[in-house]
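Worksheet for the structure shown next.
Every number in this text was worked out from the coordinates using simple rules, so none of it is lab data. On a predicted model such as this, the values are computed, not experimentally measured, just so you know. Every residue, glycine as well, gets a Cβ built from its backbone with ideal geometry; the counts of neighbours run over all protein chains shown.
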Amino acid sequence: MSAGIVRRQGKGQWIYECRPCGDQAETVDKFRAIEYGQWHEKSFQHAFTGVGQIFAKAYAELSLAVMPTVEAHSRILEPPSNLPHDPSLLNDRRKWGGR
Ligand SMILES: [Zn+2]
């Protein structure tokens with residue numbers, strides 16, 4: 001599957017455009033535009049952009065998977081609601097049911 005688009009801009013003006021990379025090339029005929037596209041899609045830039053997108057997608061999926069866990073942990077870290085807010089009362093455990 002090709003990620004690039006070849007389109008005619010005008011007389012003797014053909015544009016090859018790669019959406020993922022944002023790379024654009026102007027050529028004099030359709031054949032050269034296609035040829036440029038084939039070269040570009042084998043290039044390091046194009047491959048790197050593809051890899052970057054895979055990582056970005058994986059990262060987005062990972063953060064979505066991790067988010068609820070982080071939220072659950074932050075709830076656990078909150079002090080129990082039955083503890084008194086006055087720290088001096090914490091020392092007297094009898095007042096809040098401690099032993
Ligand atoms: Zn590309």
Under a Cβ-Cβ cut-off of 15 Å, what is the net charge of the residues other than residue 9 that fall near it, where Lys and Arg count +1 and Asp and Glu count -1?
+2
Using modelled amide H (1.01 Å from N, peptide plane; none on Pro or chain starts), what sits under 5 Å from the amide H of residue 43, excluding residues fewer than 5 places away?
none
Expected vector for segment 5-11, Karplus 3J(HN,Hα) from phi with 6.51, -1.76, 1.60 and θ = phi - 60°, integer Hz, x for Gly and Pro, equals 10, 10, 9, 8, 8, x, 5
Hey, what do the phi angles of segment 21-33 turn into as Karplus ³J(HN,Hα) couplings, whole Hz, using 6.51/-1.76/1.60 and θ = phi - 60°, x for Gly and Pro?
8, x, 7, 9, 9, 9, 10, 8, 9, 4, 4, 5, 5
Using only the Cα atoms of segment 4-77, each taken as one equal point scatterer with no solvent, compute I(q) by the Debye sum, divide by I(0), and report log10 of the ratio at q = 0.28 Å⁻¹.
-1.12
Selection of trypsin sites (Lys or Arg not before Pro), segment 7-70, meeting DSSP coil and at most 15 other Cβ within 10 Å:
11
Could I have the simple spin-label model distance between residue 42 and residue 82, label points 7 Å from Cα toward Cβ, reported in nm to one decimal?
7.2
